[in-house]
Amino acid sequence: LGAADYIAICDRFSVVIVENVPQLGGEHYNEARRFVTLIDALYEARTRLVVSATVPMEELFVDFEATVKTNDGDEEITAAGIEGE
C-alpha cells in the first residue's frame, strides 16, 4: 500500500485500528517507512488511529540512524547504512 491507498482509507473510515505492530528495526526499513506514511496520512486527514504493538511505543522504532539531506532545497530524512538505499 502507498499514500494514495492510505488517503482512500481515511476517506472511508473515521477510525483505523492496527493490531500487533512489530518492533521495526533497520532490517525493516521499507515497512517502517510505509508505517510512517500511514501515520502521516491519518494525521493529515484527522483520522483517529488505535494501535496495539508487540513492544512499548517508545521502543517501536529501533536501530535507525537518520540524516537530513537536500538535493532540491527540500529537506528529506533518509536512513544511513541501509543496504540498497
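Taking residue 49 as the residue in question, decide whether it is in contact with a helix residue (DSSP H, G or I) (Cβ under 8 Å, 6 or more places away or on another chain), in a strand (DSSP E or B) and either open to solvent by 80 Å² or more (accessible area, probe 1.4 Å) or not basic (Lys, Arg) (or both).
Answer is yes for this residue.
Which residues, taken from the range 15-43, are charged (D, E, K, R) and at pLDDT 95 or above?
Of everything in the range 15-43, just one residue is charged (D, E, K, R) and at pLDDT 95 or above, namely 19.
Taking the range 7-41 only, how many residues are over 26 Å from residue 63 (Cα atoms) and either among the polar types (S, T, N, Q) or open to solvent by less than 60 Å² (accessible area, probe 1.4 Å) (or both)?
5
The values are calculated or read from the model by the stated rules, or taken from the named source; none is laboratory data. The structure displayed is predicted, hence computed values, not measured ones. All Cβ positions, glycine included, derive from the backbone under ideal geometry; neighbour counts span all protein chains shown. Side chains included, ligands, DNA and RNA excluded: accessible areas come from the protein's heavy atoms. Shrake-Rupley method; radii C 1.70, N 1.55, O 1.52, S 1.80 Å.
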